[in-house]
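Structure first, then comments.
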There are 4 protein chains.
Amino acid sequence: MSGSTFGTLFRVTNFGESHGPAIGCVIDGCPPGMDLSEADIQLELDRRRPGTSRFVTQRNEPDAVEILSGVYEGKTTGTPIGLLIRNTDQRSKDYGDILKQFRPGHADYSYWHKFGIRDPRGGGRSSARLTAPTVAAGAVAKKWLQARFGTEIRGFMSQLGSIDIPFESMDYIGQNPFFAPVENTVALEQYMDALRKQHDSCGAVIRVIASGVPVGLGEPLYDKLDADIAYAMMGLNAVKGVEIGAGFASARQLGTEHGDSITPDGFLTNNAGGILGGISTGQDIDVKLAIKPTSSILSPRQSIDIDGNPVEVVTKGRHDPCVGIRAAPIAEALLALVLIDHALLHRAQNGDAVR
Amino acid sequence: MSGSTFGTLFRVTNFGESHGPAIGCVIDGCPPGMDLSEADIQLELDRRRPGTSRFVTQRNEPDAVEILSGVYEGKTTGTPIGLLIRNTDQRSKDYGDILKQFRPGHADYSYWHKFGIRDPRGGGRSSARLTAPTVAAGAVAKKWLQARFGTEIRGFMSQLGSIDIPFESMDYIGQNPFFAPVENTVALEQYMDALRKQHDSCGAVIRVIASGVPVGLGEPLYDKLDADIAYAMMGLNAVKGVEIGAGFASARQLGTEHGDSITPDGFLTNNAGGILGGISTGQDIDVKLAIKPTSSILSPRQSIDIDGNPVEVVTKGRHDPCVGIRAAPIAEALLALVLIDHALLHRAQNGDAVR
Amino acid sequence: MSGSTFGTLFRVTNFGESHGPAIGCVIDGCPPGMDLSEADIQLELDRRRPGTSRFVTQRNEPDAVEILSGVYEGKTTGTPIGLLIRNTDQRSKDYGDILKQFRPGHADYSYWHKFGIRDPRGGGRSSARLTAPTVAAGAVAKKWLQARFGTEIRGFMSQLGSIDIPFESMDYIGQNPFFAPVENTVALEQYMDALRKQHDSCGAVIRVIASGVPVGLGEPLYDKLDADIAYAMMGLNAVKGVEIGAGFASARQLGTEHGDSITPDGFLTNNAGGILGGISTGQDIDVKLAIKPTSSILSPRQSIDIDGNPVEVVTKGRHDPCVGIRAAPIAEALLALVLIDHALLHRAQNGDAVR
Amino acid sequence: MSGSTFGTLFRVTNFGESHGPAIGCVIDGCPPGMDLSEADIQLELDRRRPGTSRFVTQRNEPDAVEILSGVYEGKTTGTPIGLLIRNTDQRSKDYGDILKQFRPGHADYSYWHKFGIRDPRGGGRSSARLTAPTVAAGAVAKKWLQARFGTEIRGFMSQLGSIDIPFESMDYIGQNPFFAPVENTVALEQYMDALRKQHDSCGAVIRVIASGVPVGLGEPLYDKLDADIAYAMMGLNAVKGVEIGAGFASARQLGTEHGDSITPDGFLTNNAGGILGGISTGQDIDVKLAIKPTSSILSPRQSIDIDGNPVEVVTKGRHDPCVGIRAAPIAEALLALVLIDHALLHRAQNGDAVR
């Protein structure tokens, strides 16, 4: 309700601020009897972790997760799984000078007016650091989906700033710091290096694909699978657009083009992105998200302070020059959380049978 | 949970099928003491109503709404408002021949596999007709937002198939059957007439703008205002993409371009679309949705029947050649529902004061 | 949220006022493929219906239910089931003289102060008439529980005013107007006749027993099965107390008495009332509810009007001299609604297997 | 949903097992700007803490709480408050011998059948230890209610086993280990000492009274204030009955007795327990809960093991001979949680004004 719980049957309740003592989440509703260890979760956290290349923030957080509950002798018990990640690298002095200013493109202005108080340390609650517990919960969801349906979820970069990135192979995603599905990322590296020199940042497009999704996930009217995916993705920091399947291109398609033909061997195309009438069809779920350029840049920006006076803001500190770079594992986690929630809901109404 | 309730504090629970006895909704959580009559609601229903021009379905439904509860002597009482719309024009014979076939681009395939049973009459629950109760509830929400904050919500068409529609003036929207903000719609009419002759359909882009939105609506982490807007819009039939503010264009912007500068007189630009960190800034909320071409077309399509045999499907009956045409008032209603829900939530946590 | 929705997976959203155009509910989440007709529901509504004996209100409402949606060719489709009951016998003149007075024991005072407005016709939203949609929804829940688990739910009167009613047999419950499990109800009739002559009313205790409940329903910490049962029962009009199993008597028991011994053939006693640690054990669920005497009586009572002036209130109109008499079928419905919700939740987490 | 979240607007999500690494909760929805320190919370935790007298379990846990988030410079920020309590005194060897047996009166049997797996260490999730996070959250709720409305919530023992405890004064409650409102507790001490010698346990009745509650809290139909109180209290470990106001005694009252007369100076009696039609009247909220005798006793009990074989169970370890003794502060916390949730909901719908 107040914005910190994701899902209904597989519920993730997130807490923490960027520079407070700890961040974490409580997962309620994980089915019992699944093997689960801290290593399972750490694996995904490490994919999202800062400080791993020169293209992301140099903040150095180990992001070590501790399971506080819900697992007994290596198996989930069906009771809430508490996950804790201590914050260790808190250079709050970096942020001291902009305590009373609103950084353009940041949540400073809206938080201040909403709450009348805000934790300015590292962006407080609005920091992208709070995606770590989401990734941790997503790791649990992914594991269950994989075990039950063989579902695989892969996120990758399909555009970096003005560079379109062709899809070569899923195999390359883990082999470069951009989560790019291409073998050669020199152009991306050069683009990023130039950007940093000019004290600027850029946006990106991330694509996430889930294969092995059973037919029938999603509810008819409001809680459609695509609606919940859009909610999840648009809620990710810096996202300004979400597409399913053909997305905005579908507005220019004709009906004879768009509707995916069906044959005894399956669908011939996937303009639908794996969802018809809000319900999964068994095809790949295909989602794209547009990410705006990082708002924290060294170039001076025009703004006001909390008293309304004009100020010039320069955001120092350690920031990602493109927040999209680390977004792929987060988008995977969010898609996993949506899918497991609908899978459990589907099972509530329809039982174990999967058509 | 099962997909038929929208919102948390201003909850709309929708029921009905396209060709069943009736459709309607229950609005729970409407503040007491507001003037409300059936005429207030009918006004919005009439904007969405079929049969009003040659560019939309010729199904002729008066869509007359009856208030069953929650209003006493012309004022809301704070108890649930039951709204009923009888279905009157039910030519179910139009659909008889495709009972056992899956129409490409339609929900037939996914419903059948999800539920093992489906009401085929006019698309049953998956029909766009079910947006009527949403529009009715949106009318109530709009009225409250207007009275309390002076909020105005306007939806219009910004693209029809391959035609980009420039923004001329809000005043034109109500003067043509396309909800287009332009004076001259001859090109749009010709495009649609040609499309019908070739037994095809087209997509569209709808833009919705809310002005007069107070600062502070939206919750920090998951229930961000933009996340809930994306959920609402992507859940609308045929929508395949949602953008807030600069949307997908923001992926190509630099940080120095995208972040909206702030001055003592307000923001200089609105790439954010009125939302920062998931919370409204007081700027216009600016949303775009991409709508796929109507799946029901007279051109033959390749598909299978429920036994897996290949069939050729031609969808007869009375259909909108572009479902985007009637989507503007629905998108307005959805945005109103999101805003009122967050306005009430904000009031719960922060009281009456609006900063 | 605003009080009109019951349940999470099997959600019942209730609307209506005692003397408005109609009352009803929307059931969202009913599993697909179950046989369901209006007759199934009418059967239960008729058990609760007023005007059936001289011991209940003489208001004569047929309470005929219409299914508006969610059922196709006699089977549930998995989409929301809209149920409508038109109000027909609305003698609102009976209530005209107490429009501006607060009847002792009634909701007049609290509604007025909460909402600043109230529908006074027949108690408006606070009328026990609003239990009819609950009973209708309960009929659907009962049918599903019966089909899936063989669950039987029986409610009966175990105390009428100061008369304790022994349990003789379930078979007698349907054979007298008191829902009493005894053959001879002459004493009850005489008690009620005397009460009416003295212009007074009395309370009652209702007991509800569910047999054939599977093991494992209920959640560990807050959403315990007994917690949800207590919520359901205490929410029923006029209920002031709820007991599970040994109830208040357990406070006087010793540990050696209370804990039900277990043998290879089952439990030896049922002090637990079929629930341990908030989770069903497979024993009978055994619930008691205390119902206060009807507040609407012909004897004059001391009160104030809405301006704070002292007044003497006499409640005319047609009222139940003991609201407990018609409470048995309602309590059954409420128990069914709690059980089906937990059964679906259990299935979401644990699948079809029932241990 | 899965049982670990309490409330809707002031949401408490609880995690942990008795003998796992830690227990705690996340409070989402606490209004911003309230003074809050760990000391505020510790105060209430210490009232519930074990090991404080010879009449409660000798388990010695400091139950030191750490605030992980949601508080900045001593004030709540409106973001989730994470609370952590490390488990320190974990003698799990005490429980080793009953790993595969079902203790009568315990949750062992139902958990095992529900989940197919259970954490047996100290009762795992079913331990009364999990009320500590509830008490911690309640401390926050109490503080807000006190600041905003002057609400005071006091819980005390009104019956210990077969001994009725008269009400002398609230002042005595904090002066004896029984939370008894009497000066002289010698009889209670002797009763408990005798009980321990005979290896037995006893039940209790706890009464909780909230004064200074504003008029208008509670929702009309299902989410009545008394319904939610019943849910809260019946969900507390070992509770088997809940009464509001006159409770079960109201079944024997006549209408002329029960309905509380109203005068210009207020209500003359409080049979209603402060709630009419599910909505608070401004009178004291008056609740009683019946607590069953502790199931963990040294006397041998008849049971079965997980293979269905008969066994004799003796529960060693350190247990409360009457779990009711420490229930008073927990019941206060639960009542505070219900009240704050309804206060926020009321404010959402009706704004700041309190009538």
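Worth a mention:
- Scan of region B:300-355 for residues that are of a type in the set (D, E, K, R), within 23 Å of B:ASP46 (Cβ to Cβ) and in a helix (DSSP H, G or I), ordered by number: B:GLU332
- Considering only residues in region A:32-73 that are modelled with pLDDT under 95 and among the β-branched types (Val, Ile, Thr), the one that is surrounded by the fewest Cβ atoms within 10 Å (Cβ to Cβ) turns out to be A:THR52.
- Checked against the criterion of being in contact with a Ser or Thr (Cβ under 9 Å, 6 or more places away or on another chain) and either buried (at least 20 other Cβ atoms within 10 Å of the Cβ) or assigned to a helix (DSSP H, G or I) (or both), the candidates B:GLY138, B:GLY123 yield just one match: B:GLY123.
- The set of residues from region B:196-220 being touching a His at 6+ places or on another chain (Cβ under 7 Å), aliphatic (A, V, I, L, M) and over 15 Å from B:ALA336 (Cβ atoms) comprises just one member, B:VAL215.
- Lone unmet requirement of (1) within 14 Å of chain B (Cβ to nearest Cβ); (2) in contact with a strand residue (DSSP E or B) (Cβ under 6 Å, 6 or more places away or on another chain); (3) over 20 Å from A:ALA232 (Cα atoms); (4) modelled with pLDDT of 95 or more for A:ASP164: (2)
- Candidate set from region A:211-254 (those that are out of contact with any helix residue (DSSP H, G or I) (no Cβ under 8 Å at 6 or more places or on another chain) and among the aliphatic types (A, V, I, L, M)); member that is farthest from B:GLY203 (Cα to Cα): A:ALA249
- The set of residues in region D:173-192 being more than 23 Å from the chain's Cα centre (by Cα) and touching a residue at least 24 places away in the same chain (Cβ under 8 Å) consists of D:ALA187, D:TYR191.
- Residue match in region A:282-295 (condition: at pLDDT below 95, out of contact with any Gly (no Cβ under 8 Å at 6 or more places or on another chain) and at negative phi): no
- Output for region A:110-142, where each listed residue is closer than 19 Å to D:GLY78 by Cα, touching a residue at least 24 places away in the same chain (Cβ under 8 Å) and at the interface with another protein chain (Cβ under 9 Å from one of its Cβ atoms): A:TRP112, A:ASP119, A:PRO120, A:ARG121, A:GLY123, A:GLY124, A:ARG125, A:SER126, A:LEU130
- Test: residue in region C:112-119 that is part of a loop (DSSP other than H, G, I, E, B), closer than 30 Å to D:VAL215 by Cα, among the β-branched types (Val, Ile, Thr) and more than 19 Å from the chain's Cα centre (by Cα): yes
- The set of residues in region A:200-240 that are more than 7 Å from chain B (Cβ to nearest Cβ) and over 20 Å from B:ALA246 (Cβ atoms) comprises A:VAL208, A:ILE209, A:ALA210, A:SER211, A:GLY212, A:VAL213, A:PRO214, A:LEU217, A:GLY218, A:LEU225, A:ILE229, A:ALA232.
- Hits in region A:224-270 - residues which are more than 16 Å from the chain's Cα centre (by Cα), surrounded by 24 or more Cβ atoms within 10 Å (Cβ to Cβ) and part of a loop (DSSP other than H, G, I, E, B): A:LYS224, A:GLY245, A:ALA246, A:GLY259, A:ASP260
- Filtering D:GLN175, D:GLN101 for residues that are under 30 Å from D:ASP286 (Cα atoms) and polar (S, T, N, Q) leaves a single hit, D:GLN175.
- Taken over region C:206-220, the criterion of being modelled with pLDDT of 95 or more and buried (at least 24 other Cβ atoms within 10 Å of the Cβ) is satisfied by C:ILE206, C:VAL208, C:ALA210, C:VAL213, C:GLY216, C:LEU217, C:GLY218, C:GLU219.
Listed here are the residues, each with its yes/no results for (1) under 15 Å from D:SER127 (Cα atoms); (2) surrounded by fewer than 20 Cβ atoms within 10 Å (Cβ to Cβ); (3) among the β-branched types (Val, Ile, Thr); (4) under 14 Å from the mean Cα position of the chain (by Cα).
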{"site": "D:GLY324", "(1), (2), (3), (4)": "yes, no, no, yes"}
{"site": "D:ALA328", "(1), (2), (3), (4)": "no, no, no, yes"}
{"site": "D:ALA331", "(1), (2), (3), (4)": "no, no, no, yes"}
{"site": "D:ASP341", "(1), (2), (3), (4)": "no, no, no, no"}
{"site": "D:ALA348", "(1), (2), (3), (4)": "no, no, no, no"}
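- When residues of region A:50-80 are limited to those that are more than 20 Å from A:ARG11 (Cα to Cα) and among the acidic types (Asp, Glu), the one farthest from the chain's Cα centre (by Cα): A:GLU73
- Within region B:143-163, residues that are crowded, with 20+ Cβ neighbours inside 10 Å and in a helix (DSSP H, G or I) have Cβ atoms under 8 Å from residues that are among the hydroxyl-bearing types (Ser, Thr, Tyr) and modelled with pLDDT of 95 or more in these pairs: B:LEU145/B:THR151, counting only partners at least 6 apart in sequence or on another chain.
- Scanning region C:1-17 for residues that are surrounded by fewer than 24 Cβ atoms within 10 Å (Cβ to Cβ) and under 17 Å from the mean Cα position of the chain (by Cα) yields a single hit, C:ARG11.
- Of the candidates A:PRO293, A:PRO321, the single residue that is within 9 Å of another protein chain (Cβ to nearest Cβ), touching a Cys at 6+ places or on another chain (Cβ under 8 Å) and more than 15 Å from B:ASP260 (Cα to Cα) is A:PRO321.
- Condition check for D:SER299 on (1) more than 7 Å from chain C (Cβ to nearest Cβ); (2) farther than 21 Å from D:MET234 by Cβ; (3) of a type outside the set (A, V, I, L, M, F, W, C): one failure, at (1).
- Some residue of region B:263-279 being under 29 Å from A:GLY218 (Cα atoms), at the interface with another protein chain (Cβ under 8 Å from one of its Cβ atoms) and touching a residue at least 60 places away in the same chain (Cβ under 8 Å): yes
- Here the strands (runs of 3 or more DSSP E) wholly within region A:21-87 that include at least 3 residues being within 21 Å of B:LEU221 (Cα to Cα) are A:22-28, A:81-86.
- Candidate set: region B:95-111, residues that are of a type outside the set (A, V, I, L, M) and more than 26 Å from the chain's Cα centre (by Cα); chosen: the one modelled with the lowest pLDDT: B:GLY96
- Hits in region D:1-52 (condition: out of contact with any strand residue (DSSP E or B) (no Cβ under 6 Å at 6 or more places or on another chain), polar (S, T, N, Q) and within 14 Å of chain C (Cβ to nearest Cβ)): D:THR8, D:SER18
- Some residue of region A:185-194 being under 30 Å from A:ALA343 (Cα atoms) and either among the hydrophobic types (A, V, I, L, M, F, W, C) or within 14 Å of chain B (Cβ to nearest Cβ) (or both): no
- Residue match in region B:294-301 (condition: under 19 Å from B:GLY241 (Cα atoms) and surrounded by 24 or more Cβ atoms within 10 Å (Cβ to Cβ)): yes
The values are calculated or read from the model by the stated rules, or taken from the named source; none is laboratory data. If you're wondering where the values come from, they're calculated on a predicted model, not measured in any experiment. When we count neighbours, we look across all protein chains shown, and the Cβ atoms used for this are built from the backbone with ideal geometry, even at glycine.
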